[in-house]
Amino acid sequence: MANKYPHTPDGRYFVAKDRLWRCTDPRLTDDEKRGHVKALMKARWAVRSAQQQDDEEALRQAREAVQEAKEALGERGP
């Protein structure tokens, strides 16, 4: 992270503008994190592409892929 925000002691959240935001799961290895980030970027690219093509089914699938990647990174879900 370019800017340094205060983090919770467990490293799971950072505080920005008086709001808690989830960080990537600190238990992930660098290789795991890199793979999930790559999947996230690919999914976000697919969302943009589907929006440009006005393809609702592809957009739904791309958004599901974004959700899965964010969950794998620990940024969403339980």
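For a label point 7 angstrom out from the Cα of Gln61 toward its Cβ, which stretches of the stretch 12-46 have the backbone nitrogen within less than 19 Å? Residues 39-46 qualify, since their backbone N sits under 19 Å from the label point.
A simple spin-label model places the labels of Arg34 and Arg22 2.4 nm from each other, with each point 7 Å out along Cα-to-Cβ. Estimated from helices alone, the mean residue ellipticity of the chain at 222 nm is -18500 deg cm²/dmol (sum of -39500 (n - 2.57) over DSSP H runs with n ≥ 4, per residue).
Enclosing the Cα atoms of the chain in their convex hull gives a volume equal to 120 cubic angstrom per residue.
Counting only pairs 8 or more places apart or on different chains, how many lysine pairs in the chain have C-alpha atoms closer than 17 Å?
On the way: Lys4/Lys17; Lys33/Lys42; Lys33/Lys70; Lys38/Lys70; Lys42/Lys70.
Eligible lysine pairs with Cα atoms under 17 Å apart amount to 5.
With kT/(6 pi eta Rh) evaluated at 25 °C and eta = 0.890 mPa s, and Rh the Kirkwood radius from Cα pairs, the stretch 20-59 diffuses with a coefficient of 208 µm²/s according to Stokes-Einstein.
Values in this text are rule-based calculations from the coordinates and carry no lab data. These figures come from a predicted structure and were not determined experimentally. In this analysis, Cβ positions are derived from the backbone assuming ideal geometry, glycine residues included, and neighbour counts consider all displayed protein chains.
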